[in-house]
Amino acid sequence: MATGRATVSASPLEMRAVRAVRSAAPTTVIALGVFAAVRGAGVLVLALGSWWAGRDPLRVLGQSWDSAWYLGIAANGYGRTVMSPSPLTGTGFVQSDYAFFPLYPALIRIVSEILPGGLVPAGLLVAWVSAAVAAVGIYRVGEQVIGPRAGLLLVGLWAALPHAVVLTLVYTEPLLAAFAAWALYALLRGRWLWAAGLAVLAGLTRPTGLAVAAAVSGMALYTILARRSRAPEVWLAGLLAPVGWAAYVVAVGAKVQDPFGGYFAVQRDWGSRFDFGGGALRSAEQVLTGGHVPLATTVTVVLLAVAGLLAMLLVLDRTPLPLLAYTGILMVITYGGAGFFESKPRFLLPAFPLLLPLAAVMARARPRTAVVVTAVVAGLGYGYGLYLLLVARVPL
């Protein structure tokens with residue numbers, strides 16, 4: 001599939017340097033090295049900050065916020081409920097673990113039964129390996145669309161984002177990012193069944209895995225209608241992609257005796273529903289009018305505004321349709337959902353194509369400038385990650 005976008009140009013000297021590095025080490029090793037350097041330093045900062053605050057670093061990494069739900073499902077299966085006050089009405093309601101999709105807890109349980117150490121190390125191992133796989137996939141997409149140098153910068157920027165601390169926690173974003181990156185790469189390469197299979201797995205990972213499935217099915221429909229394709233793999237990919245997400249939603253619905261609406265009722269009990277961005281706009285208004293809000297709320301408004309600007313640049317930059325479809329759907333889900341406003345930047349963490357315009361610009365700059373920019377972004381991200389996990393009282 002044609003990318004529809006020119007790669008970033010480089011000087012002959014830079015190209016010789018890139019070829020020399022690539023001849024000395026596979027591209028996967030280079031991309032992994034960039035990711036490991038940025039996120040490894042982040043883990044070290046978080047560990048030191050936790051010790052300084054009198055907290056157990058392993059507990060901070062492995063049992064913060066939603067991590068406890070994933071570990072509980074891995075240990076005991078589904079069926080746990082918690083009574084909490086509703087963030088929307090203030091009345092009591094039931095939070096059910098059926099809100100959490102099953103693939104990640106299943107992987108934690110499998111790894112914990114193979115390796116010693118228990119559920120927390122298993123959860124961290126799955127998350128860290130997933131993040132590494134995602135980094136390689138993100139590099140491949142970046143290399144395909146904007147060139148090898150910009151692809152490495154794309155990985156570095158993604159690893160340095162303010163909420164990238166989640167990539168080293170017992171959370172599902174690393175796993176979803178891995179499936180999304182490789183599914184998009186498969187689409188760019190015209191490998192429809194690979195894309196569909198990865199979309200099925202993404203749909204079993206998180207509610208927002210629907211974005212991967214919708215991108216694959218949408219591109220299949222576009223190929224069938226606009227390009228008059230009759231290839232059976234295109235039709236099959238379009239039909240298979242949403243199966244994972246739909247299967248879990250229907251299974252939860254059947255469990256609560258409402259096959260098509262039960263899962264969404266579970267989410268409403270958590271305070272999560274689709275309100276077309278009304279709740280997000282009210283939170284933004286509070287910040288802009290000087291209301292008394294937590295720092296995390298203000299930062300969330302800024303990050304969502306920056307993401308919106310990057311999305312416009314992505315559209316203007318002739319980005320390949322699969323990347324636009326995936327990113328656009330993920331942004332609609334994130335911006336349009338009510339509840340857990342401060343978690344929205346985390347929901348957008350797998351939307352790595354948003355960083356393509358910035359990585360392309362940085363690739364044209366001097367190498368020293370690109371390194372300094374990445375280091376500054378990473379430093380700010382390390383500090384904000386400490387704040388989110390050790391200071392903030394809002395859900396991550």
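Exactly one condition in (1) under 14 Å from Leu152 (Cβ atoms); (2) modelled with pLDDT of 95 or more is not met by Ala365; state its number.
So Ala365 meets the others, but not (2).
Quick check on this structure: which one of Val82, Val120, Val94 is over 27 Å from Val243 (Cβ atoms) and in contact with an Asp or Glu (Cβ under 6 Å, 6 or more places away or on another chain)?
When all the criteria are applied, what remains is Val94.
Select from segment 250-263 the residues that are buried (at least 17 other Cβ atoms within 10 Å of the Cβ) and closer than 15 Å to Arg206 by Cα and list them in ascending order.
Looking only at segment 250-263, we keep the residues that are buried (at least 17 other Cβ atoms within 10 Å of the Cβ), and these are 252-253, 262-263.
Within segment 250-263, Val252, Tyr263 meet the criteria.
Condition check ((1) within 30 Å of Val391 (Cα to Cα); (2) in a helix (DSSP H, G or I); (3) in contact with a Gly (Cβ under 7 Å, 6 or more places away or on another chain); (4) in contact (Cβ under 8 Å) with a residue 24 or more places away in the chain) across all residues:
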site: Gly253; (1), (2), (3), (4): no, yes, yes, no
site: Pro259; (1), (2), (3), (4): no, no, yes, no
site: Phe264; (1), (2), (3), (4): no, yes, no, no
site: His292; (1), (2), (3), (4): yes, no, no, no
site: Thr297; (1), (2), (3), (4): yes, yes, no, yes
site: Thr300; (1), (2), (3), (4): yes, yes, no, yes
site: Ala307; (1), (2), (3), (4): yes, yes, no, yes
site: Thr319; (1), (2), (3), (4): no, no, no, yes
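I'm checking my understanding of the structure. Among residues of segment 281-290 that are out of contact with any helix residue (DSSP H, G or I) (no Cβ under 8 Å at 6 or more places or on another chain) and part of a helix (DSSP H, G or I), which one is nearest to Gly337 (Cα to Cα)?
Leu281
Any residue that is surrounded by 19 or more Cβ atoms within 10 Å (Cβ to Cβ) and either of a type in the set (S, T, N, Q) or under 24 Å from Ser343 (Cα atoms) (or both) - is there at least one of those in segment 230-242?
Scanning segment 230-242 turns up no residue that is surrounded by 19 or more Cβ atoms within 10 Å (Cβ to Cβ) and either of a type in the set (S, T, N, Q) or under 24 Å from Ser343 (Cα atoms) (or both).
What are the pairs with Cβ atoms under 8 angstrom where one residue, in segment 169-198, is within 17 Å of Leu323 (Cα to Cα) and the other, located anywhere, is among the hydroxyl-bearing types (Ser, Thr, Tyr) and surrounded by fewer than 24 Cβ atoms within 10 Å (Cβ to Cβ)? Sequence gap at least six, or different chains.
Final answer for the pair search is Ala177/Ser130; Ala178/Ser130; Leu188/Thr3.
Among residues belonging to segment 78-105 that are surrounded by 13 or more Cβ atoms within 10 Å (Cβ to Cβ) and assigned to a loop (DSSP other than H, G, I, E, B), point out the one that is modelled with the lowest pLDDT.
Among them, the one singled out is Leu88.
Check off (1) at pLDDT 95 or above; (2) part of a loop (DSSP other than H, G, I, E, B); (3) not aromatic (Phe, Trp, Tyr) for Pro162 and give me the number that stays unchecked.
Exception for Pro162: condition (1).
Between residues in segment 62-79 that are of a type in the set (Val, Ile, Thr) and residues that are in a helix (DSSP H, G or I) and modelled with pLDDT of 95 or more, which pairs lie under 6 Å by C-beta distance while being six or more apart or on different chains?
Ile73/Pro105
Which condition breaks for Ala247 when tested against (1) in contact (Cβ under 8 Å) with a residue 24 or more places away in the chain; (2) over 23 Å from Pro105 (Cβ atoms); (3) surrounded by fewer than 16 Cβ atoms within 10 Å (Cβ to Cβ)?
With (1) in contact (Cβ under 8 Å) with a residue 24 or more places away in the chain; (2) over 23 Å from Pro105 (Cβ atoms); (3) surrounded by fewer than 16 Cβ atoms within 10 Å (Cβ to Cβ) applied to Ala247, the lone miss is (2).
Would you confirm whether or not segment 178-196 contains a residue that is at pLDDT 95 or above, buried (at least 24 other Cβ atoms within 10 Å of the Cβ) and more than 18 Å from Pro353 (Cα to Cα)?
Yes - at least one qualifying residue is present in segment 178-196.
The values are calculated or read from the model by the stated rules, or taken from the named source; none is laboratory data. This one's a predicted model, so the numbers in the text were calculated from it and none came from an experiment. Ideal geometry is used to build each Cβ from the backbone, glycine not excepted, and the neighbour counts take in all protein chains shown.
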